[in-house]
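The values are calculated or read from the model by the stated rules, or taken from the named source; none is laboratory data. Since we're looking at a predicted model, the values are computed, not measured. As a convention, Cβ positions derive from the backbone with ideal geometry for all residues, glycine included, and neighbour counts pool all protein chains shown.
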Amino acid sequence: MRAATLETYSAAYDALKGRYPRLEGNIFLDASRLAALFSAKPCLLEETESALFLLTPRHSFHDVLFLTGDAGELPKALEKWLPAWPAAQPLRVSVIGRDPEAGALAAQFEAAGFGLVKKLLRTRVRLPEGRMLAAMRPFAEEARGLLGYARHGAEEEILEILRESFDLMGDNLPELAEISERIDEGGVIVARKAGRILALNYFAVQSGVLHSFYDVTRKEYRGGGGLFMALAVFMRDELEARGVPYTRGLGWRDAAQKRLLRHALKNDQRPDGIVIYNMRRPAPGPDPA
């Protein structure tokens with residue numbers, strides 16, 4: 001295992017691609033984003049005959065980014081370096097794709113000692129319009145004085161709120177630097193009272209698609225959906241005012257939360273076939289994540 005740079009990664013990728021014309025994995029970063037990642041973090045690179053692995057520090061664990069030309073050989077490829085990995089550092093891998101292919105790939109990691117933390121389903125999000133928007137707008141008017149964009153300095157509070165409702169590994173929670181970047185992009189809107197964030201929407205618009213990552217209201221302010229609806233209307237109006245076009249919305253649901261999935265279906269929020277298997281190889285003792 002060695003330090004990862006754009007040069008060492010590119011050489012490993014070219015060698016693997018030369019042996020296997022079709023690669024599977026979870027590395028979707030272009031050269032500029034990879035270079036930024038290697039510059040910001042001490043990443044490690046491991047190569048085998050059939051795969052390459054990038055070990056990236058994240059929160060209190062390491063993410064496993066990988067590409068393979070032979071998914072059936074993944075357990076053997078992993079076992080070439082896993083025994084030497086420091087036991088005190090948990091590993092997390094996100095297997096992304098469509099079932100049954102993604103499930104089959106996740107099974108290879110399971111054979112190497114990874115356990116499922118959470119399976120996420122990507123769903124279409126129903127955008128508020130027409131009568132729905134008209135019914136939601138009074139909530140936004142009532143909460144008008146509380147609504148606005150998140151400001152720098154609130155990153156730790158935002159992460160704290162996310163951790164109250166989501167799992168650090170299972171729900172792909174952002175790091176503080178990522179939250180700061182999202183604030184810069186106008187992708188975090190909040191309901192704030194007396195300097196405290198009560199609720200937030202964490203989102204991005206990419207290629208005409210609204211990606212709704214996290215909609216969270218603190219437990220003590222839940223009930224009736226007022227803040228949730230107020231933020232949804234505020235976000236819609238702000239994106240329209242900024243001239244940010246989008247024609248559809250996507251979000252994520254925990255596959256194990258059957259009641260919430262049924263509720264989502266009633267609101268025409270249906271899975272579109274993309275899934276994430278978030279899997280963990282734990283360290284002995286208490287999990288620091």
Exercise. Of the residues that make up region 84-94, is at least one closer than 21 Å to residue 281 by Cα, hydroxyl-bearing (Ser, Thr, Tyr) and assigned to a strand (DSSP E or B)?
Worked result: yes
Seminar exercise, completed: Considering residues that are over 27 Å from residue 263 (Cβ atoms), modelled with pLDDT under 95 and within 27 Å of the chain's Cα centre (by Cα), the number found within region 126-157 is 0
Problem set entry | Extreme residue, farthest from residue 251 (Cα to Cα), among residues of region 206-224 that are surrounded by fewer than 18 Cβ atoms within 10 Å (Cβ to Cβ) and in contact with a helix residue (DSSP H, G or I) (Cβ under 8 Å, 6 or more places away or on another chain) | 221
Problem set entry | Filter result for residue 113 (touching a Lys or Arg at 6+ places or on another chain (Cβ under 6 Å), assigned by TED's automatic domain parsing to the domain that holds residue 45 and not in a helix (DSSP H, G or I)) | yes
Problem set entry | Residues of region 206-255 classified as among the acidic types (Asp, Glu) and under 30 Å from residue 117 (Cα atoms), total | 3
Problem set entry | Residue count for region 214-255, restricted to those that are within 13 Å of residue 201 (Cα to Cα) and assigned to a strand (DSSP E or B) | 5
Problem set entry | Conditions (1) in a helix (DSSP H, G or I); (2) touching a Leu at 6+ places or on another chain (Cβ under 6 Å): number failed by residue 65 | (1)
Seminar exercise, completed: Selection from region 272-286 of residues at pLDDT 90 or above and surrounded by fewer than 19 Cβ atoms within 10 Å (Cβ to Cβ) yields 272, 273, 274
Problem set entry | All positions within region 5-53 that are more than 23 Å from the chain's Cα centre (by Cα), outside any helix (DSSP H, G or I) and not charged (D, E, K, R) | 5, 20, 21, 48, 50, 51
Problem set entry | The one condition in (1) surrounded by fewer than 15 Cβ atoms within 10 Å (Cβ to Cβ); (2) closer than 16 Å to residue 279 by Cα that residue 84 fails to fulfil | (2)
